[in-house]
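Structure, as structure tokens:
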Amino acid sequence: LLDISYNGVDEKIIEEFVDKIIVHKDYFYNYQYASFVINHYITSSKSYIERMFLRELGISKEVYDFCLKTIEELDVELYKKYQAKKEENAKIRHIRNTTTIKNLAEGIKTEILPDGTEFNMLEFLKRIPFKNKPNFISTLTQFMRNCTPNEYHTIMSYIRNNRQNADNVF
């Protein structure tokens, strides 16, 4: 490295300072954008569905995570607002998933969904929560056991009885 000496300041201190600036420069350069993304998350009525929110902004999960980390480090107040919205979104997802499972169980039993749509395998597959998760069945099973135990057997029997039909749809 360069032989740096400025008014008696140790070169190691200067190097550490420069390294610190280099490490954080991306955060400083990107703060405005990160602030926009997180503020949009907070104000969006669709942010509880992450993939829709990301698609709406045209960004990847990695870009979103970078924005979130930037705000976490640079704007404590905005990050607190984000955390509150994240908790609110978790509650919204929970209520929506619970309602969806109850509606599907009702559709299985009556062959008509509560909105009047005729129940069939396609409607089941379109509406079932957690289908985009890599471990769909275990996530669904755990959720139903904890949140909708009355519908658990109805939904799981339907999945077991129609597994081949479901595989053929995709």
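A straight line joining the Cα centroids of segment 25-65 and segment 93-109 runs 30 Å. Placing a pseudo-label 7 Å from each Cα along the Cα-to-Cβ vector at Asn132 and Thr110 gives an inter-label distance of 2.9 nm. Take the Cβ atoms of Leu74 and Arg145, set R0 to 35 Å, and the FRET efficiency comes out at 0.30.
Relative to the longest principal axis of the Cα atoms of the chain, helix 149-161 runs at roughly 80 degrees. Given H placed on each backbone N at 1.01 Å, which residues far from Thr148 in sequence or on other chains put an amide H within less than 5 Å of it? Placed amide hydrogens put nothing under 5 Å from Thr148.
Here the chain is treated with +1 on each Lys and Arg Cβ and -1 on each Asp and Glu Cβ, and its dipole about the Cα centre works out to around 1120 debye. Charge dipole of segment 12-97 (Cα centre as origin; +1 on each Lys and Arg Cβ, -1 on each Asp and Glu Cβ, all else neutral): 560 debye, rounded to the nearest 20. Along the charge dipole of segment 18-145, pointing to its positive end and built from +1/-1 on Cβ of Lys, Arg, Asp and Glu, which listed residue (Ile108, Pro129, Thr43) has its Cα farthest out? It is Ile108, whose Cα lies furthest towards the positive end. Helix 76-110 and the long axis of the chain differ in direction by around 10°, with both axes built from C-alpha atoms. To the nearest ten degrees, helix 11-43 and the longest principal axis of the Cα atoms of the chain are 30 degrees apart.
Set against the labelled values (1) 1.57; (2) 0.93; (3) 1.02, Cα Rg over 2.2 N^0.38 Å computed from this structure falls on (1). Structure note, pairs Lys69/Lys133; Lys20/Lys131; Lys85/Lys126: Cα-Cα distances above 32 angstrom occur for Lys20/Lys131. With every protein chain in place and a 1.4 angstrom probe, the accessible-area ranking of Cys147, Cys67, largest first, reads Cys147, Cys67.
The values are calculated or read from the model by the stated rules, or taken from the named source; none is laboratory data. These figures come from a predicted structure and were not determined experimentally. Neighbour counts are summed over all protein chains in view; Cβ atoms, including those assigned to glycine, are modelled from backbone coordinates with ideal geometry. Note: accessible area is taken over every heavy atom of the protein model, side chains too, but ligands, DNA and RNA are not part of it. Shrake-Rupley method; radii C 1.70, N 1.55, O 1.52, S 1.80 Å.
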